[in-house]
Every structure is written in structure tokens, then in C-alpha cells.
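What follows is a short report on a single structure.
The values are calculated or read from the model by the stated rules, or taken from the named source; none is laboratory data. In this text the structure is predicted, and so the values were computed from the model without any measurement. Note that we place each Cβ from the backbone using ideal geometry, even for glycine, and neighbour counts take in every protein chain shown. The protein model used for the area step is the full one, side chains on, heavy atoms only, and it has no ligands, DNA or RNA in it. Shrake-Rupley method; radii C 1.70, N 1.55, O 1.52, S 1.80 Å.
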Amino acid sequence: MRYDKNEIYILNPDYVMRNDSHRVVLFSRDKTSQLSTSHWESFLHPLHAQIFSFFTFNRPLNITVSLLEQYLKRDEQTVRNIVYPFIENQQSFYTKYRDEKVRIPKNVIISRNKISEEVVFLNINPDVFSCRNIDLTTERNYLAPQMLTFMLNNSCVSNCIYWMPQFIIGDVSKQSISEVWNSSDAHKLMNLNRADIQESSPCKNCNLFKPCFDARNRCWVDIVKAYGKENWDYPDPRCAFAPAMINDLGFN
């Protein structure tokens, strides 16, 4: 596809990039337009974030490409081949870094003319996204969470279940958010092992325990609703090895 070199293309304002020490988190804002992918979160290779940062300035495409040539030390055609797939991509897609997929939402870079509201140009320095020891696999953010829930008593909990002690991970009247996020309670909840699971739970002796818990493919809320608070460590009710639900949630 050919693009107007004099047109201004920008990082879609519905998306936010944040350095996470060993990669960059790309996520969508709470409210997005139809041009964007809602409820998006993925990890970017730092180089992707650095490229996208060049589109946070008020300047035409030809200037941006020229600056990227200097930054990447590549010729114009190579830069265009790198950049153009990200401009007004109509569908989400992925690229690869080694064996890891880097997922990209739709319209990650978009024409300024397609944004109805006033645009704030962030003028991001690409070097802020420099990372060492790149990790695109670990699901838990390194530096900070995407969301926390604060109870009226200042307890800090996971963002789904806030009435059970197993999910209270700190107290912001006594700890900073960083301390809560890196607390032993937070890490234990994110890295449960067999010793943390009660004998009555089918998960206790399941052969798929490690890959299942590593993937964290479970909804604690649904588990508690289906089996009760005392059985919070049971399988997700959609699991093929889950026992019959005490409280039927209507899953097939």
C-alpha cells in the first residue's frame, strides 16, 4: 500500500506503551474507538516500541521515515518495509522474535486525519524503551500491574476477588504500590505450587499442574462461584477434569 508522504501518521492514541524492564507492554485504554482493538494487552519487543515512538511527534511520514533511517542505520526502502505493515493495519497480526510471537493490534499507527478528538503529541524519546535480557514470555509484569483494586480499609488485592484473605496482597497504608506488587504474598499468588493446593482439589495431583498454572488459564471468580470459598483452589469449572459444579454456572 502507498501512503501520502506528507501526511501525519501517529501512534494510535487508543494505545499506550509502557516499559516493563525486559519488554514493553502495549495496552488499550478503557474506552477505544471502532478503529482500535479494545481490551488489548501484549508485549512488544523494545525495537517495536522504539519504532512506534517515532510516530508520537507532529511531523509528516517522510520526515519520520528519514529519522528512522538514521536511528536504525538502514536505507529508506528497508525502513519502509519495516514500518509500513504497522500503518493502518486493518486486522491484528503478529510478528516473531525468535520463537515468540509479538502481537500487534489493528491500526497501531494511524493517520492524524482519522482521529476525531484533539491529538496530544507525546514526543517520546525512543531510548526510554531500551531493555536488556529481553523476555516476551513471562506473563506477570515486572515493574507494575495493569490494574489494582483498593478496598476502603486500604488493603490492596487482585482485581477480581477482594473479599477473601488468599487474594489480599498488601496494605497501601503501610506499603508503597511497588512494595505490594513485589511482596511475597503477591508472588505466592502468582506462583502457586502443589503444596499450596488442598488434597481435595483435583489440581493437587493433576499431571498438567505445571503447564496449567504457568499459563494461569483460570478465573478465580468462577471457581469460587462454582465450588465455594473453601474450594478456591479447585480447577476452573471449564476444565475437562473439573468436578461437577456445586453451583451450576451454566457452562456447557
task: Enumerate by residue number the GluC sites (Glu not before Pro) in the range 1-98 meeting two conditions: DSSP loop (anything except H, G, I, E, B), and at most 13 other Cβ atoms within 10 Å of the site's Cβ.
output: E7
field: Accessible area of the chain belonging to carbon and sulfur atoms, whole % at 1.4 Å probe
entry: 50 percent
- prompt: Taking the range 72-103, which trypsin sites (Lys or Arg not before Pro) meet the DSSP loop condition and have no more than 10 other C-beta atoms within 10 Å?
  reply: K73, R98
task: Only Lys, Arg, Asp and Glu count, each charged at its Cβ (+1, +1, -1, -1), so figure out the dipole size of the chain about its Cα centre, rounded to 20 debye.
output: 460 debye
- prompt: Rounded to the nearest whole Å², what accessible area per residue is found for the chain with the 1.4 Å probe?
  reply: 58 Å²
message: Give me P(r) over the chain, computed from all C-alpha to C-alpha distances, binned every 10 Å, as integer percentages.
response: 6, 24, 28, 22, 14, 6, 0
query: Separation of the range 57-125 and the range 158-212 by C-alpha centroid, Å?
result: 38 Å
message: Using protein chains only and a probe of 1.4 angstrom, how many square angstrom of C203 are accessible, to the nearest 10?
response: 10 Å²
